[in-house]
Structures are given as structure tokens and as C-alpha cells.
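Some notes on the structure that comes next.
The values are calculated or read from the model by the stated rules, or taken from the named source; none is laboratory data. Small disclaimer: the values here were computed from a predicted structure and weren't measured. Because the Cβ atoms are built from the backbone with ideal geometry, glycine has one as well, and the counts that use them run over all protein chains shown.
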Amino acid sequence: MKKIIVFYCFSVLIGCNSSTSQNSNRNNLDVSQTKSIYLDLENNEVNLSSFKGKKILINYWATWCGPCIQEMPSLLRAQEQLKSEYVFLLVSEESTQRISRFKSRKKFNFNYIRSRVSLASIGIYSLPITIIYDEEGKEIKTIEGSVVWDSKRMIKKLKAI
């Protein structure tokens, strides 16, 4: 039993790297380059450049990712506080059906979208990971790991971007 607990804890830690990085090794996802890789839950293309003029917070997650789900309540509260400045998008590479079931079950009011390509192909190798774009669509910050999004400190940082 101890081995199972140690393995579980190790797995959670690996999937939850809490470092913050602006210059990571993954591909830079400039908003203008992502026009055709995202779909909404009705299979309509989501063009990120249509959000220019607002900051965009894209949170990459999965229905099976414990740390991703743990941060969702605070992410939802941050979304409410920042709705005049930010567009929050939650991106998963899972099927539309699976994301829709999660949305119905959990009742988190997010704008869920699906990536048509694997996250690894766009340089996302751990979850959760959040990428923040400025009003011009330029990538400003990457945050790896689970975060308390509605803390005073984090809200202040997001407003300062």
C-alpha cells in the first residue's frame, strides 16, 4: 500500500510543475498562428484573433488531471473578477463528448474548447499549463502547474499584464 501511495504522490508532483516561465522550450503559440487548431463544443472553429483587444488566458487541462480540476474553482472566481479584461479559455485535446460530459457534471461555467491537434505537437507536455496573451495577441507569460488563481497576489499580477 505504501508503494501505491508513494507512486501516486510522485505522479501528481510530476504533472504539477509549479514553475513560472516566459521563455520555455515549447513552440510560441502566437494568436495569429492558432486560427484553425481550436474548436468549440459545437465543432465550430475558434479563431483566437477574434479576441484581440482583450487579454486571453488559455488554460490547458484534461478531465483526468487532478491538479487541473483542483484549480478550477479558483480559476472560475478569477474569471469573474477579470471578465472585463480577460477572455478565459479552457483547452483540452479530449473528445468533444468527454469535455461536454465533464462540463455537465461539474457545472464550471467556462468557455471550453478542444484542440484538434495533440497538445504535445504544440509544445504542451504537462498539465495544467496556462498561457497568457496580451491585447495584441502576443504571448506574455506561461504558468506551469496548479495555481490559486483568485488570490490577491495573482489577481494583481494578472491585472498588471
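Within the stretch 58-80, is even one residue assigned to a helix (DSSP H, G or I), touching a strand residue (DSSP E or B) at 6+ places or on another chain (Cβ under 7 Å) and at pLDDT 95 or above?
So the first thing to find is which residues in the stretch 58-80 are assigned to a helix (DSSP H, G or I), and the list is 66-80.
Filter once more, keeping what is touching a strand residue (DSSP E or B) at 6+ places or on another chain (Cβ under 7 Å): 75, 79.
The next check asks that each one be at pLDDT 95 or above; those that pass are 75, 79.
The answer is yes, given that some residue of the stretch 58-80 is assigned to a helix (DSSP H, G or I), touching a strand residue (DSSP E or B) at 6+ places or on another chain (Cβ under 7 Å) and at pLDDT 95 or above.
Of all the residues in the stretch 75-92, those that are over 14 Å from Phe51 (Cβ atoms), surrounded by fewer than 20 Cβ atoms within 10 Å (Cβ to Cβ) and in contact (Cβ under 8 Å) with a residue 12 or more places away in the chain number 3.
Residues that are among the acidic types (Asp, Glu), surrounded by fewer than 16 Cβ atoms within 10 Å (Cβ to Cβ) and at negative phi: does the stretch 148-159 have at least one? Looking for residues that are among the acidic types (Asp, Glu), surrounded by fewer than 16 Cβ atoms within 10 Å (Cβ to Cβ) and at negative phi, one finds none in the stretch 148-159, hence no. Scoring Lys54 on the criteria (1) closer than 15 Å to Lys138 by Cα; (2) in contact with a helix residue (DSSP H, G or I) (Cβ under 9 Å, 6 or more places away or on another chain) leaves a single failure, condition (2). Within the stretch 102-122, being surrounded by 15 or more Cβ atoms within 10 Å (Cβ to Cβ) and of a type outside the set (Lys, Arg) holds for Phe102, Phe108, Phe110, Tyr112, Ile113, Ser115, Leu119, Ile122.
In the set (1) assigned to a helix (DSSP H, G or I); (2) modelled with pLDDT under 95; (3) among the hydroxyl-bearing types (Ser, Thr, Tyr), the condition left unmet by Ser24 is number (1). Take the conditions within 22 Å of Ser49 (Cβ to Cβ) and out of contact with any Lys or Arg (no Cβ under 6 Å at 6 or more places or on another chain) and apply them to Phe110. Does it pass? It is true that Phe110 is within 22 Å of Ser49 (Cβ to Cβ) and out of contact with any Lys or Arg (no Cβ under 6 Å at 6 or more places or on another chain). Taking the stretch 120-161 as the range and being assigned to a loop (DSSP other than H, G, I, E, B) and among the small types (Gly, Ala, Ser) as the test, the residues that pass are Gly123, Ser126, Gly137, Gly145, Ser146, Ser151. Being touching a Ser or Thr at 6+ places or on another chain (Cβ under 8 Å), assigned to a loop (DSSP other than H, G, I, E, B) and either among the acidic types (Asp, Glu) or modelled with pLDDT of 95 or more (or both) is the requirement here; does Glu94 meet it? So Glu94 passes the test.
Taking the criterion of being hydroxyl-bearing (Ser, Thr, Tyr), free of Cβ contacts under 8 Å to residues at least 24 places away in the same chain and within 20 Å of Asn43 (Cα to Cα), would at least one residue in the stretch 104-112 satisfy it? Break it down stepwise before answering.
Initially, the stretch 104-112 is screened for residues hydroxyl-bearing (Ser, Thr, Tyr), giving 104, 112.
Okay, now just the ones that are also free of Cβ contacts under 8 Å to residues at least 24 places away in the same chain, so 104.
Among the residues that remain, those that are also within 20 Å of Asn43 (Cα to Cα) are: 104.
Taking every residue of the stretch 104-112 in turn, at least one turns out to be hydroxyl-bearing (Ser, Thr, Tyr), free of Cβ contacts under 8 Å to residues at least 24 places away in the same chain and within 20 Å of Asn43 (Cα to Cα).
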